[in-house]
Amino acid sequence: MTEQMTGKVALVTGGSSGIGRATALAFASRGAKVVIASRTQATGEEVVQAIEEAGGEAVWIQADVSQAARVEALIQKIVDTYGRLDYAFNNAGSGGRGGWVAEMQEEDWDETITGYLKSVWLCMKYEIREMLQCGSGAIVNNSSVDGKRGFPWDPAYSAAKHGVIGLTKSAAMQYADKGICINAVCPGWIRTPPVEHMLEHDPEAEKGMILHQPIGRLGKPEEVAQAVVWLCSDDASLVVGTALAVDGGYLVV
């Protein structure tokens, strides 16, 4: 185990599957104590078990990051358990149905903006308060390539992910001189459970996905995880307010 983060505490929201799961395992492999926040106990505790079997330390906390009281309680429980918070990957997200702007329902718009943007703000609000107490910290927010381009099938999702980048940059400017480094990642097509589910129903869809990525394949959750952990490490100490594309060249073309 490479113990570059020994003694540190890392929070991963949405840490029970996909990119979140891979990031939780990556933090643990570097010696960090990991807090996995998600809605589903069974999958969350499976990640805890995987970390412990590898010699690491982790806990699962149930959380709905779209609700302020629950986010505040989450951060307080982390402090009660470990006494500090050093790293956070704000990865959890959920939303309503997409569609044409003139036909979308207001409740779907609100659900998407709350689930993908407001939730990131709420997490940052309480994470930053604790990191200020510690005098340092690093936060990475999960945006998307659709936060850097138009996404015609789901304008609300694209708007939320653009918002995550704007929030990340603004917060980074506010807290850079206070010892807190804030950045974002923008994944392209990654082989996560939702993508796998999509491909089960339409195996031909992978060809269209790969057309977007010059690398010629879908990304792996672990590849995004490595970028997140690097952005939290001392090796990225001069990287502030960046929206790092982890996309196999998606945004190059």
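The values are calculated or read from the model by the stated rules, or taken from the named source; none is laboratory data. Because the structure is a prediction, the values reported are computed rather than measured. Using ideal geometry, Cβ is built from the backbone for each residue, glycine included, and neighbour counts are taken over all protein chains shown.
Go over the candidates Lys220, Lys161, Lys178 one by one and state the one that is under 24 Å from Leu11 (Cβ atoms), of a type in the set (Lys, Arg) and over 20 Å from the mean Cα position of the chain (by Cα).
Answer to the selection: Lys178.
Using the structure shown, decide if Val71 is more than 19 Å from Ile128 (Cα to Cα), of a type outside the set (Gly, Ala, Ser), modelled with pLDDT of 95 or more and under 19 Å from the mean Cα position of the chain (by Cα).
no
Could you look through the stretch 121-145, keep only residues that are surrounded by 19 or more Cβ atoms within 10 Å (Cβ to Cβ) and either hydroxyl-bearing (Ser, Thr, Tyr) or free of Cβ contacts under 8 Å to residues at least 24 places away in the same chain (or both), and pick out the one that is farthest from Ala171 (Cα to Cα)?
Ser144
Give the residues of the stretch 191-243 that are in a loop (DSSP other than H, G, I, E, B) and hydrophobic (A, V, I, L, M, F, W, C), sorted by residue number.
Selection gives Ile215, Leu218, Leu238, Val239, Val240.
Of the numbered conditions (1) farther than 20 Å from Thr192 by Cβ; (2) touching a Leu at 6+ places or on another chain (Cβ under 9 Å); (3) not β-branched (Val, Ile, Thr), Gly83 fails exactly one; give the number of that condition.
(2)
Looking for something in contact with a strand residue (DSSP E or B) (Cβ under 9 Å, 6 or more places away or on another chain), of a type in the set (Val, Ile, Thr) and at negative phi - is there at least one such residue anywhere in the stretch 204-226?
Checking the stretch 204-226: at least one residue is in contact with a strand residue (DSSP E or B) (Cβ under 9 Å, 6 or more places away or on another chain), of a type in the set (Val, Ile, Thr) and at negative phi.
Output yes when any residue across the stretch 102-122 is of a type in the set (Lys, Arg) and within 14 Å of the chain's Cα centre (by Cα), and no when none is.
yes
Look at Val185 and say whether it is assigned to a helix (DSSP H, G or I) and buried (at least 16 other Cβ atoms within 10 Å of the Cβ).
Against the criterion (assigned to a helix (DSSP H, G or I) and buried (at least 16 other Cβ atoms within 10 Å of the Cβ)), Val185 does not qualify.
Which condition does Leu251 not pass, out of (1) in a helix (DSSP H, G or I); (2) more than 23 Å from Ser158 (Cβ to Cβ), if it passes all the others?
(2)
Scan the stretch 196-208 and give yes if some residue there is touching a Pro at 6+ places or on another chain (Cβ under 7 Å), closer than 24 Å to Arg97 by Cβ and not small (Gly, Ala, Ser), otherwise no.
No, the conditions are met nowhere in the stretch 196-208.
State the number of residues belonging to the stretch 123-159 that are of a type outside the set (A, V, I, L, M) and outside any helix (DSSP H, G or I).
Total meeting the criteria: 14.
Please go through the stretch 232-250 and pick out each residue that is charged (D, E, K, R) and buried (at least 17 other Cβ atoms within 10 Å of the Cβ).
Asp247
Working only within the stretch 94-145, note down all residues that are among the hydroxyl-bearing types (Ser, Thr, Tyr) and either in contact with a Gly (Cβ under 9 Å, 6 or more places away or on another chain) or within 21 Å of Val246 (Cβ to Cβ) (or both).
Once the filter is applied, which keeps residues that are among the hydroxyl-bearing types (Ser, Thr, Tyr) and either in contact with a Gly (Cβ under 9 Å, 6 or more places away or on another chain) or within 21 Å of Val246 (Cβ to Cβ) (or both), the stretch 94-145 yields Ser94, Thr112, Thr114, Tyr116, Ser119, Ser136, Ser143, Ser144.
Considering the stretch 149-187 alone, what residues qualify as being modelled with pLDDT under 95 and either basic (Lys, Arg) or in contact with a helix residue (DSSP H, G or I) (Cβ under 7 Å, 6 or more places away or on another chain) (or both)?
Of everything in the stretch 149-187, those that are modelled with pLDDT under 95 and either basic (Lys, Arg) or in contact with a helix residue (DSSP H, G or I) (Cβ under 7 Å, 6 or more places away or on another chain) (or both) turn out to be Arg149, Gly150, Phe151.
Quick check: is even one residue across the stretch 86-96 at pLDDT 95 or above and either more than 14 Å from the chain's Cα centre (by Cα) or among the β-branched types (Val, Ile, Thr) (or both)?
Yes, that holds for at least one residue.
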